[in-house]
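The structure under discussion appears below in the form of structure tokens.
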Amino acid sequence: MPDLGIDVLFKGTNMLRLLGGLWVAARISLISIVISMPLGILVGALMTMKNKIVRAICRIYLEIIRIMPQLVLLFIVYFGTTRAMGWNLSGEVASVIVFTLWGTAEMADLVRGALISIPKHQYESAEALGLTKVQTYIYIIIPQTVRRLIPLSINLITRMIKTTSLVLMIGVVEMLKVAQQIIEANRMTSPNAAFGVFLVVFLLYFLVCWPISMLAKYLEKKWR
Amino acid sequence: MNWEFIGKYLPLYERAAVLTVKIGLIGIAFAILVGLLCAAIQYYKVPVARQIVAVYVEISRNTPLLVQLFFIYYGFPKIGIRLTPEVCGVIGLAFLGGSYMAEAFRSGLESIEPIQKESAISLGMNHRQTFQYVILPQAISVSVPAFVANVIFLLKETSVFSAISLMDLMFTAKDLIGLYYKTTESLFLLVVFYLIILLPVSILGTLLERRVRYAGFGD
């Protein structure tokens, strides 16, 4: 069994640095999630409105964001807008902008799906029982929507965390970049470190995302 | 916008787009194969293999493609497995896509109520006929939306191949930005080429979904 270089991570502060990189990625996704959830709910609600113009605008926004690979969006914001508008954007801010736009679109689609999945007779029965519009939403529609929505939005969070690995490509020093630095720095003493270090990165991503998607699966089963 | 620049570097993008599509399609084809195999194993509840598939699905779905590619491209040579970037791309896409495809197919197969199978058998069909004429057509129409979504998702994921030095669209765009500082033009071409690849797939997918929605059984 050749030396696979996992021991490199236990030298000095290497493991801490790697976890610091993970925190950078997690911070970007956390901020984006916190902003995009309420925005997504708003846009999703707008998409179920009867006004055709509002719906069309939301639809166009949704389709444009969803058809482009996230990496292309990152490039457009990081390289494109900085050149066109002449401002200075750090990689982290650019990623937060992109992931917020993307998260809002995805969340809006989930909200829309959950809202239209409530059968019409729910609204009609509520009205027949004499509930006002506000009461209908508070007691009938929102509780049902939320139950369908929560597992799906938790899944969106794991997708967001996984996608933040892309920010490496616009120069943000996150876990993969730190891993590369560690491997480069120990090239002489531990030439096989690439295997061990990337394996650890792989496992760390798994350890972060797996419990979250398990929770989503559990809630989905429980609330069905 | 400098159209001369665009005209000059169009062939470069064309070559990159062909490469992106080629690796994307081969990767997706393998992903479908892996997905079918995994779905079959889970559907027929093959012992041992079933547990392995379950672990594989969880690992593949909970890690980013970029990390998988880095591990395959930079990590594997250290244990003596040397692969070209193209092969790495295909393997990565198949590894990631396999689990997504497996889930799509499995959910289709599992959505068919046991009563369908029982009725078919009581009508005198054998197992092959039951599967071919009763289970499969219904399962396909249930899986199609997820399948189409996966194909688009995987085509979009090919954008990370530039990280393992494949000369794909992203790589070309980044190269041109770095070399000539023609950011607007390079990004414009990048978006146009991704639209050329992804829009037809998206539209075809929508049409296909409509076409197979004839089976409104149950509701």
**Message:** Just checking the output field for A:63-74: average partner chain Cβ neighbours within 10 Å of each residue's Cβ?
**Reply:** 6
**Complete:** Semi-axes a, b, c in Å (a largest) for region A:104-205, each sqrt of 5 times a Cα gyration tensor eigenvalue, come to 51, 11, 8
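Hey, got the dipole for chain A? About the Cα centre, +1 on K and R Cβ, -1 on D and E Cβ, debye to the nearest 20?
Values: 22 positive and 11 negative charges, 133 e Å.
The dipole magnitude comes to about 640 debye.
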**Fill in**
Sorted largest first, the Cα spans of the protein assembly as shown on the principal axes come out in Å as 71, 54, 47
**Request:** Note the direction-averaged projected area, equal to a quarter of the hull surface, for the Cα convex hull of chain A, in nm².
**Result:** 16.5
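Hey, could you get me the Stokes-Einstein D for region B:49-130, Kirkwood radius over alpha-carbon pairs, 37 °C and 0.692 mPa s, rounded to whole µm² s⁻¹? Kindly include the intermediate steps, with their values, before the conclusion.
Values: Rh = 15.5 Å.
Approximately 212 µm²/s, per Stokes-Einstein.
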**Request:** Specify the residue with the greatest mean-square fluctuation among A:Ser213, A:Ser125, A:Ser95, computed from a Gaussian network of chain A linking alpha-carbon atoms under 10 Å apart.
**Result:** A:Ser125
**Request:** Determine, for each peptide in B:121-127, B:196-202, the mean count of other beta carbons within 10 angstrom over its residues, then list the peptides with the highest first.
**Result:** B:196-202, B:121-127
**Prompt:** Sorted from largest down, what three extents in whole angstroms do the Cα atoms of region B:7-212 have along their principal axes?
**Reply:** 71, 44, 22
**Request:** Any chance you could check the Cα centroid distance between region B:128-153 and region A:1-80 for me, in angstrom?
**Result:** 31
**Message:** So for chain A, averaging the separation of alpha carbon pairs under 8 Å that are six or more residues apart and normalising by length, what relative contact order in percent results?
**Reply:** 33
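Longest segment of chain B with no trypsin sites (Lys or Arg not before Pro) in a DSSP loop having at most 12 other Cβ atoms within 10 Å?
Details: sites that count: B:Lys45, B:Arg82, B:Arg213.
Maximal segment without exposed cleavage sites: B:83-212.
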**Request:** Taking every Cα atom in region A:1-133, find the radius of gyration and the maximum pairwise distance Dmax, and write them in Å.
**Result:** 21.8, 75
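Mind checking the full-extension length gain between B:Ser119 and B:Trp3? Use 0.36 nm per residue of separation minus the Cα-Cα distance, one decimal, nm.
Working: separation 116, 0.36 × 116 = 41.76 nm, distance 6.52 nm.
Net length gain for the segment: 35.2 nm.
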**Complete:** Ranked by GNM mean-square fluctuation in chain A (Cα springs under 10 Å), the top entry among A:Ala185, A:Ala84, A:Ala105 is A:Ala84
**Complete:** Within 10 Å of the Cβ of an average residue in A:163-172, the count of other chain Cβ atoms is 4
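Rule-based calculations on the coordinates, nothing more; no lab input. Owing to the predicted nature of the structure, the values given are computational and were not obtained by experimental measurement. Cβ coordinates were reconstructed from backbone atoms using ideal geometry, including for glycine residues, and neighbour counts include every protein chain displayed.
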